[in-house]
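Scroll down for the structure; my scribbles are underneath it.
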Amino acid sequence: MKTKAIKGSLALILALLFAFSAVSCSQPADNGVDSTPTAAPEKTPEPEEPAVEAGPDVPADRYDATVTPRTGNNESSPLVVSTGTLDGKFSPFFATSAYDTDAAGMTQIGLLHYNKDGAPEAGIDVPSFAIDFTQEVSSDNSTSTYTFVLKNGITFSDGKPVTAKDVLFSMYVLSDPMYDGSSTFYTMKIQGINEYRLQTSADVLDTVEAILEAGITPSDDGYTINPATGATAEQQEVFWSYLDEAGANFAQEIIDYVNTNYTSYIPDYFAPYTAEEVAGNPNLQAAFGMVLWGYGEVNEDGTFTTAYTKQTYDPASDTIDAKVYWDDIIANFGYDLSDAGVNYEKAGDLTIQDYVKEAYIAKEGQIEGGVPSISGITTGTVTGDDGVERETIQIVLNGVDPTAIFKMGVSVAPMHYYTDGYTGTLNEVGVDVGSKEFMDFLKTKNVKPVGAGPYIFEEYKDNVITYTANDSFMLGSPKIKTFRYQEIAGGSELDAVLTNTVHYSDPSASMEVINNITTGEGDYAKLAYTLVDNDGYGYIGIQGQAIPEHEVRKALAHSFNVQLSVDNHYGELASVNYRTMTKVLWAYPDNPENMFPYDATGETSKALFLEAGYVYDEAKNVMTYPEGHEKEGTQVTFKYTVPQDIADHPAGSIFIDSQAVLEKIGVKVDIEVDENLLNKLSTAYESGIQVWAAAWGSGGVDPDMFQIWYSDPSVNQGTSAARSGLYWLFENGTEEEKAMLKELNELIMAGRSTLDTEERKAIYKRALELSTGLAVEIPTYQRKNLFVYNKDVIKADTLFSGEDVTPFQSPISYIWNVELN
């Protein structure tokens, strides 16, 4: 199984790298701007009035515990929240698990904050270091400029001021040639970042781009190098000699990604091993990464067998690593490096070509003296309408990238703390460029993060992290003095709340748990719960090449009672979805209509079959294929496929009901179970799959529809559009379908070409009408996740609830406002 679902991070979303592109809430005044580049000559500022001296940029009514001390349990008792297995990398730079990220995040603030809809925010009442920001696109779309106005008077928990230099330090660490953490900040097209990250010249980058444009062609014994314009054959040979080294790094990213985000899947997909066993064993981590991506399976005796090389390993004695994984990827795809080949497996933003480029330049392309700075990141000052001078950070990107803004909300880490004790040479932004020793030194600080967040990290001992309130936190002293994270084994989250081990957790959602809490008997009487939409949705696929008539696909859609997936399977734990997008995204339209209303009589479906030329014999109650069809005159028959027992699948009752509805109009439906369904979807038509039920996992943080819905195969080589038959319909569909796909493609590219949120909302509203209207994917349900807390301990009205709880904002995201009874 290759899954895209990501378990939502439980606790704070303070410095989370989530967001959607958006225009600024307000525009700072442009009188008196100095855009002085870092490590470049200063520009002479325009004459301006003297700036007004002002106090710190904090809310006027912020709570200050040094003035009004805490009382009662808020002073004397801790709030204890469950977390999963911790790796001990409590760093804004190097945390690799969601749990470690949460642990470090308690101590941090971000340049931006991301609200309940995942949209970026800045302001005096917002937990961001920026008080304002703007996004501007050049008239020819060649560049995008982001300007962040920084707050005055904010301090770290140790009392030192937070300044633009700390922002630069954080960004430069994440962009360093030796940086090996999980941030993808350096993948943005910031001007000069490639030269800095790779410590190379524009000429070398031009040569590399020429080599990559020429590419390689897979062959029976490996690959052949295609002739390139702008690079010699020798340069190409040397470049591609790094492919297998890069491939291991590519595979390692998948391993890291899976072990960071999917440990909750271990009981279902990696038995007999437990999350605790996997966390401490590199062999098991690699094997788990392969299993979840469809590259192997665990045998009954605990050994592991790869999917394509068919090699069996004993995790107790054999080495299972990224090289083993890469060998299996090559056994699957050969050296097809396309989006439908090796790059189909990528876990992040970097392609296999990016990894080869990095490996090659690190050994062959670095320039003497290095590249000291990133030309597209500069600092300056601005005097606003209030007459106050503030520092700014400006970032210039090549082109337009609506997703870039979510990568810019970096944690603002204190340069003075993270460099204190380093004996090497630091430049003016606090880094030792390209020094492994410097990166290793930064990792020595992993044991204790420091920042300007709401809490101060005290210690990690006996599976518990203890924090003390940072009373200088910009939005106010936290109401609760002591906060703790308690490690809880997966599957024990509910018991931990029931036994008072923790006061707040996120157990697996079930109606049994909901009913027990609602009934309130025994230990459940003290509990309350909050439900939140999962970032993903269920759907029924109708393969467009296997069922090419638009009217017939619509006929099937009208036979699907999607409400049954809620009523008969999830109950309160899901809601119906009517568009081909997760409902949690800001681009999801308000209250969309059902484009295919269910008709239990079958009459709507029958009319559509007849419109498509099919023949109905009322006397025999048989619908037959039309004249000219290869099955002309025989009864119309469809095959519905699910990956597990029909009674256990959310779409099971939908399929059974559809079978009965279509039987009323003489259409036969066969329902089959295929445990390998998900692995066959990339070749659905060739595998004989007509109609199936599945679910999309996390849709990410931006509504871009390109991967799944862009139907021109000369532009999109991904397999997601192939599974639904869109490539075939683009070239062979009716004129109506071709027109719909053409408009949809144009809207998808338009959505990628603007940073204006309102404009993008309108674009995606129409795009979703088209994608849903094609009837190749019928959305069904959006399930929910669960938060449970002890209402006798936590004051319920200080938590987020109802519509304020989303995958981007948990009940305790504003932890500084939470109080105890």
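The values are calculated or read from the model by the stated rules, or taken from the named source; none is laboratory data. Just so it is clear, the model here is predicted, and its values are computed rather than measured. Here the Cβ positions follow ideal geometry from the backbone for every residue, glycine too, while neighbour counts run over all protein chains shown. Protein only, heavy atoms only, side chains kept; ligands, DNA and RNA dropped before computing areas. Shrake-Rupley method; radii C 1.70, N 1.55, O 1.52, S 1.80 Å.
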For peptides 556-567, 619-630, 726-737, sequence by mean Cβ density within 10 Å, most packed first:
556-567, 726-737, 619-630
Cβ-based charge dipole, region 436-479, positive-most Cα from Thr466, Gly453, Ser477
Gly453
Sorted by average packing, counted as other Cβ atoms within 10 angstrom per residue and highest first, what order do 101-110, 280-289, 349-358 take?
101-110, 280-289, 349-358
Taking the chain and counting helices only, DSSP H stretches of n ≥ 4 at -39,500 (n - 2.57) each over all residues, the nearest-500 ellipticity at 222 nm comes to -7500 deg cm²/dmol
Ignoring any ligand, DNA or RNA, what whole percent of the accessible area of region 162-311 comes from carbon and sulfur when the probe is 1.4 angstrom?
46
Summing +1 for each Lys or Arg and -1 for each Asp or Glu, what net charge is found among the other residues whose Cβ lies under 11 Å from the Cβ of Gly376?
0
Straight-line reach check, Lys189, cutoff 14 Å on alpha carbons, 8 or more apart in-chain or any other chain, hits among aspartates and glutamates -> Asp349, Asp354, Asp401
Take peptides 153-160, 458-465 and line them up by average Cβ neighbours within 10 Å, highest first, as a rough protection proxy.
153-160, 458-465
Quick check on my link table: of Lys323/Lys363; Lys357/Lys436; Lys160/Lys443, which ones sit more than 24 Å apart, alpha carbon to alpha carbon?
none
Using Cα positions and a limit of under 16 Å, work out the lysines in reach of Lys461, with same-chain residues fewer than 8 apart set aside.
Lys89, Lys448
Accessible area per residue, 1.4 Å probe, Å², for region 423-562: what's the number?
36
Tell me which residues come under 5 Å, amide H to amide H, from Gln809 once H is placed; ignore anything under 5 positions away on its chain.
none
Diffing region 528-537: the Karplus 3J(HN,Hα) column from phi (6.51, -1.76, 1.60, θ = phi - 60°), in whole Hz with x for Gly and Pro, holds 9, 9, 9, 9, 9, 4, 6, 7, x, 8
Per-residue HN-Hα couplings for region 266-276 [Karplus 6.51, -1.76, 1.60; θ = phi - 60°; Hz; x = Gly/Pro]
4, x, 7, 10, 9, 5, x, 7, 9, 4, 5
From phi via Karplus (6.51, -1.76, 1.60), per-residue ³J(HN,Hα) for region 162-174 in Hz, x at Gly/Pro:
8, 9, 4, 5, 5, 5, 4, 3, 4, 5, 6, 4, 5
Of (1) 90, 76, 63; (2) 110, 78, 63; (3) 87, 67, 55, which is the value of Cα extents along the principal axes in Å derived from the coordinates here?
(1)
Measuring from the longest principal axis of the C-alpha atoms of the chain, the long axis of helix 322-333 (C-alpha) lies at a number of degrees, nearest 10, equal to 30
What residue among His629, Phe787, Tyr685 has its Cα farthest toward the positive end of the dipole of the chain, where the charges are +1 on Lys, Arg and -1 on Asp, Glu, each on the Cβ?
Phe787
Against the longest alpha carbon principal axis of the chain, how many degrees, from 0 to 90 and to the nearest 10, is the axis of helix 202-214 turned?
10
Amide hydrogen neighbours beyond the local backbone of Gln644, cut-off 5 Å, H modeled:
Asp674
For Gln311, net neighbour charge (Lys/Arg +1, Asp/Glu -1) across residues whose Cβ lies under 13 Å away
-4
By the scheme Lys and Arg +1, Asp and Glu -1, what is the net charge of all other residues having a beta-carbon under 15 Å from that of Gly280?
-4
Can you give the charge dipole size of the chain about its Cα centre, rounded to the nearest 20 debye, using +1 on the beta carbon of Lys and Arg and -1 on the beta carbon of Asp and Glu?
1220
